[in-house]
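Heads up: the structure comes next, in structure tokens.
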Amino acid sequence: MPTIHRALVTGGAGFIGSHVADALIAAGFAVDVVDDLSRGRRDQVPAGAAFHQLDIRSPEAAALVRDGGYDVVCHLAAQIDVRVSVADPVADASRNILGTLNLLEGARAAARPPRVVFSSTGGAIYGDLAVPPSREEEAKDPESPYGIAKLSVEYYLAYYARQHGLETVALRYSNVYGPRQDPHGEAGVVAIFCGRLLDARALTVFGDGTQTRDYVYVGDVAAANVCAARAALPAAGRVDARAFNVGTGVGTSVLALAATLQQVAGTALPVEHLPPRTGEQARSFIANDKGARVLGWRPAYSLADGLATTYAWFRSQHRG
Ligand SMILES: NC(=O)c1ccc[n+]([C@@H]2O[C@H](COP(=O)([O-])OP(=O)(O)OC[C@H]3O[C@@H](n4cnc5c(N)ncnc54)[C@H](O)[C@@H]3O)[C@@H](O)[C@H]2O)c1
């Protein structure tokens, strides 16, 4: 009988976490999900997963990580809004730093500690000084409490790996898009554009639209989590030793994104320009060769394919 590996996905009722849970089940893992449903939806948890409605800051969540017999914990539960982190850094740190520490303490106390795969960011931690494509070892200078919290957790992960022998991985995602993204969120330009195309409204772009971002399809991000759950890891070391960018390595301008989406959607709506947003980064994309080399992960979706799949899903959900 083959061994069935056990995985816990925190934030598994959310956008990316629900895809990670799907991908782990498809890869043969037995999957449990923890989510407090503060943003996630119960109906997004895959039918094959056991669901625990818990706050990651609770003693119950730490006990689950300690006693659940997991081989891996994919940790995605988080406060994800950069603006919220600016308005209330304490609330952000409570979920994103203290919540994660609570799970790490649970992992450390387990008889057979699980590997912890953390969802970090490749957008917010490199900061404005970075010259893209950003590499993992690049100097970091996060601009927001959200980015600072993600980078702080990465230092804790490196510490737990060195001090307690915990197997930890940090995956630094670029701009993730795909089915189930919240069109009302701040980060989801693809989701917002899909909603506007379906309502036959003009697309709005801040500034001249030449600012670039690295758009990675959510199915590729889920596959990166499966690779990180299974790969042989490099030795524990400094903060970047087990950190991997998860992006395409390509910068796409907002105008090019809008054009490709309109192409796959078969629409020709106008693009309206709004004043530029203050402090917005001009260029941001991340190198992905370290993940290819060490984790065996490469993005499989082209932008056009990912956008076509995403648009089809939003259309299927649309009540016009
Ligand atoms: N969306 C992106 O482009 C992107 C980019 C970089 C990193 N990330 C990271 O990926 C992860 C998933 O993000 P997402 O876009 O799927 O967001 P999401 O809001 O859809 O998912 C987060 C989930 O965590 C849950 N949650 C929040 N606080 C919790 C708590 N205290 N206890 C238990 N559950 C809690 C929410 O209910 C939600 O279901 C996050 O860690 C985020 O920081 C996302």
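The values are calculated or read from the model by the stated rules, or taken from the named source; none is laboratory data. Computed from a prediction, not measured in an experiment: that's the story for all the values here. Ideal geometry is used to build each Cβ from the backbone, glycine not excepted, and the neighbour counts take in all protein chains shown.
Anything in region 4-20 that is within 21 Å of Arg66 (Cβ to Cβ) and more than 8 Å from the ligand (Cβ to nearest atom)? List them, or say none.
Ile4, His5, Arg6, Ala7, Leu8, Val9
So which residues in region 22-32 are under 21 Å from Ala62 (Cα atoms), out of contact with any helix residue (DSSP H, G or I) (no Cβ under 8 Å at 6 or more places or on another chain) and either among the acidic types (Asp, Glu) or without any contact (Cβ under 8 Å) to a residue 24 or more places away in the chain (or both)?
none
Of all helices (runs of 4 or more DSSP H) completely enclosed by region 71-161, which ones contain at least 2 residues that are modelled with pLDDT under 95?
Per the criteria, 82-87.
Quick check on region 33-61: of everything there that is charged (D, E, K, R), free of Cβ contacts under 8 Å to residues at least 60 places away in the same chain and part of a loop (DSSP other than H, G, I, E, B), which residue is surrounded by the most Cβ atoms within 10 Å (Cβ to Cβ)?
Ranking the candidates gives Asp36 first.
Out of curiosity, is Val82 under 25 Å from Thr248 (Cβ atoms), more than 11 Å from the ligand (Cβ to nearest atom) and of a type outside the set (S, T, N, Q)?
No.
Looking at this structure, is Ala158 away from the ligand (no atom under 15 Å from the Cβ) and without any contact (Cβ under 8 Å) to a residue 12 or more places away in the chain?
no
Determine whether region 284-292 contains at least one residue that is touching a residue at least 60 places away in the same chain (Cβ under 8 Å), assigned to a loop (DSSP other than H, G, I, E, B) and touching a helix residue (DSSP H, G or I) at 6+ places or on another chain (Cβ under 8 Å).
no
For the list (1) more than 12 Å from the ligand (Cβ to nearest atom); (2) surrounded by fewer than 18 Cβ atoms within 10 Å (Cβ to Cβ); (3) among the aliphatic types (A, V, I, L, M), I need the number of the one condition that Ala23 fails.
(2)
Anything in region 176-218 that is touching a His at 6+ places or on another chain (Cβ under 6 Å) and under 24 Å from Ala268 (Cβ atoms)? List them, or say none.
Those that are touching a His at 6+ places or on another chain (Cβ under 6 Å) and under 24 Å from Ala268 (Cβ atoms): Leu198, Val205.
Tally time: how many residues in region 164-179 are surrounded by fewer than 24 Cβ atoms within 10 Å (Cβ to Cβ) and more than 8 Å from the ligand (Cβ to nearest atom)?
Selection size over region 164-179: 5.
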